[in-house]
Amino acid sequence: MHKGIFAYCFILFFNSLFAQSTIDVLHYKFKIELNDQNDTIKGTARIRFILKQLNGPFNFDLTAINGKGKGMIVTNVSLASSSRISFQQANDEITITAPSCKQGDTLDAVIAYKGIPADGLIISKNKYGDRTFFADNWPTRAHNWIPCKDQPDDKATFEFIVTAPAHYEVISNGRKTEEKIINPNKKLTHWVEDIPLSTKIMVIGVARFAVKEYKDSPPGIPISAWVYPQDSTTGFSNYSVAPAILKFLSNYIAPYPYNKLANVESKTIYGGMENASCIFYEESSASSPQGAESLLAHEISHQWFGDMASEKTFAHLWLSEGFATYLTHLYIANKYGIDSMNNEMKVDRQQVISFAKRSGHPVVDSISQPKFLLNPNSYQRGSWVLHMLHRQSGDSVFKQIIRSYYEKYKGANANTRDFELVAENVSGINLKVFFDQWLYRSSIPQLRIDWHYSDTEKKITLTLEQLQASEAFQFPLDILVNTTAEDSMIHTINITQKKQIFNFPLNSKPTSVVADPFTSLLFEGTVKEIK
């Protein structure tokens with residue numbers, strides 16, 4: 001996800017969200033009816049799941065009618081294998097009791113419902129005044145319009161069968177298996193996704209679209225743009241970088257995991273939303289004269305990290321957002337050169353410094369609500385952690401870490417310690433201190449570096465102090481010593497204490513001393529000559 005402008009408020013119910021689930025969903029089959037007369041939707045959800053508990057009721061998430069008349073009302077619930085059931089809708093849950101069912105059973109629940117979505121499915125008008133329907137489920141907003149287990153670690157295959165006015169096109173995850181006119185004014189469109197995904201990235205988009213498939217798409221993976229007809233010229237151009245981005249990432253990480261990539265102009269409340277194989281972008285992305293290359297690179301990176309390899313809980317959101325941010329930088333470096341990437345890293349570093357001064361939260365944050373995790377900790381600092389790991393381990397080892405982590409957790413969920421273990425196994429290095437200090441502490445190094453040159457002893461003395469209130473960080477630091485002669489050099493010093501002194505022989509007085517000349521360390525600091 002790209003943050004963009006995020007000013008949308010919603011309520012999250014953490015007690016139910018992160019409680020141990022009593023079911024494991026295998027497949028969803030959603031039938032959705034849309035119309036132009038009002039915002040009421042009619043739906044039927046057939047949910048196949050495994051019952052994990054010994055006995056007692058089980059639940060699906062679905063938002064009930066609120067005081068403004070928005071929400072869903074359940075009209076019927078049935079189980080294919082049992083006629084003796086009862087259900088209750090309360091507290092944004094459907095509670096089903098089926099006395100004859102037992103632990104380990106694979107069941108099919110059919111839930112009929114209707115209502116006006118309070119959130120999740122955004123029914124509105126686009127910037128041109130045309131009516132649109134766009135799902136926007138992150139982080140746990142899917143249950144505002146579909147019955148589901150709305151948590152990131154419950155992945156399932158799914159399909160959407162959408163009946164809508166015939167003048168709309170319908171886009172979704174996976175492959176389109178059917179499209180037909182069912183009467184003069186209505187059309188049925190059927191999309192199927194065979195790869196298990198989290199509810200946060202299960203979507204439909206229904207609007208008037210201009211559609212283009214790019215001729216430079218990789219073999220067997222059609223890459224397309226779906227934009228408002230009024231934006232077709234700039235939109236098709238702005239989204240045309242997608243094939244090159246996908247090819248770079250496929251070579252760097254692993255083959256692209258889905259059967260298509262649709263890039264969709266939409267009404268998402270985010271800058272971009274990484275819905276698997278069906279990315280939604282904010283409206284300005286298709287009309288901006290500056291293009292949207294970095295935005296596309298970020299969202300396409302999520303197809304691997306965030307969609308296929310997902311975080312177990314939102315506390316580990318950096319495993320999605322930090323990865324996507326850093327992979328975007330790697331793409332920029334590959335296309336435009338390392339200086340372009342380093343400039344981006346410097347900008348990111350300043351954002352991290354500013355955020356650290358006012359936040360007090362570490363990157364792995366189990367306290368803040370998901371909407372507050374859309375911050376420089378998850379994005380820029382998470383990216384910087386990967387950058388430092390990259391610089392300290394080297395290109396080939398780092399690439400193998402990324403590939404091994406993806407291979408192990410594709411189709412599954414991981415937390416930060418899982419990634420740490422993969423990095424240790426690949427690199428052969430104990431990385432506990434590295435991960436603890438950069439991801440589980442809120443502070444960053446604040447360095448004061450003083451230097452003095454002795455002409456009589458022909459040496460430079462560096463005094464480095466860590467000024468942050470927290471304990472000392474441990475890291476390698478490059479120091480560039482420039483002189484008027486040809487003996488300028490780089491010294492790499494290992495920092496382990498709050499205050500350390502280093503001496504280096506030098507034939508002439510430096511013209512300057514530069515800390516971190518290659519942009520390899522996340523820190524705030526000053527370098528000053530002491531005379």
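Simple rule: put +1 on each Lys or Arg Cβ and -1 on each Asp or Glu Cβ in the chain, find the dipole, and look at HIS2, PRO517, ALA356; the Cα lying farthest toward the positive end is HIS2. Considering only beta bridges that DSSP places wholly inside the chain, some 80 percent are antiparallel.
When only the Cβ of Lys, Arg, Asp and Glu is charged (+1, +1, -1, -1), the dipole of the chain relative to its Cα centre reaches about 780 debye.
Here the spin labels are modelled as points 7 Å beyond Cα on the Cα-Cβ line, and at ILE493 and LYS215 they lie 5.9 nm apart. Past 21 Å, Cα to Cα, is the threshold; run LYS127/LYS200; LYS155/LYS215; LYS260/LYS335; LYS149/LYS186; LYS114/LYS260; LYS260/LYS410 against it and keep the listed order. LYS127/LYS200; LYS155/LYS215; LYS260/LYS335; LYS149/LYS186; LYS114/LYS260, as the Cα separations exceed 21 Å there. Amide hydrogen proximity for CYS148: with H placed 1.01 Å from N in the peptide plane, the residues at 5 or more positions away or on another chain lying under 5 Å are ASP61.
Accessible area ranking (1.4 Å probe, heavy atoms, ligands and nucleic acids excluded), largest first, for GLU311, GLU283: GLU283, GLU311. Counted residue by residue at 0.36 nm each, then reduced by the alpha carbon distance between them, the extension gain from SER340 to TYR252 reaches 29.8 nm.
Adding -39500 (n - 2.57) for every DSSP H run of four residues or longer, then dividing by how many residues the chain holds, sets the calculated 222 nm ellipticity at -7000 deg cm²/dmol. Could you give the nm distance between label points at THR22 and ASN66, where each point is 7 Å from its Cα heading toward the beta carbon? Taking the two extended label points, one gets 2.7 nm.
Solvent-accessible area of ILE444, all protein chains in place: 10 Å² (probe radius 1.4 Å, heavy atoms, ligands and nucleic acids excluded). Solvent exposure of ARG403, expressed as accessible area, is near 80 Å², computed with a probe of 1.4 Å over the protein chains only. Of all the accessible heavy-atom surface of the chain, with the other protein chains kept in place and a 1.4 Å probe, what percent is carbon and sulfur? Carbon with sulfur: 50 percent of the solvent-accessible area. Amide H contacts of GLN468: GLN446, each under 5 Å away and 5 or more positions distant or on a separate chain (H built 1.01 Å from N in the peptide plane; Pro and chain starts excluded). Taking the DSSP beta bridges with both ends in segment 194-332, the antiparallel portion is around 40 percent.
Under 14 Å of direct C-alpha separation, and excluding same-chain neighbours fewer than eight residues apart, LYS509 reaches these aspartates and glutamates: ASP455, GLU457, GLU486, ASP487, GLU529.
The values are calculated or read from the model by the stated rules, or taken from the named source; none is laboratory data. If you're wondering where the values come from, they're calculated on a predicted model, not measured in any experiment. No Cβ is skipped: glycine too gets one built from the backbone with ideal geometry, and neighbour counts run over all protein chains shown. Remember, those area values only see protein heavy atoms, side chains included, never the ligands or the DNA or RNA. Shrake-Rupley method; radii C 1.70, N 1.55, O 1.52, S 1.80 Å.
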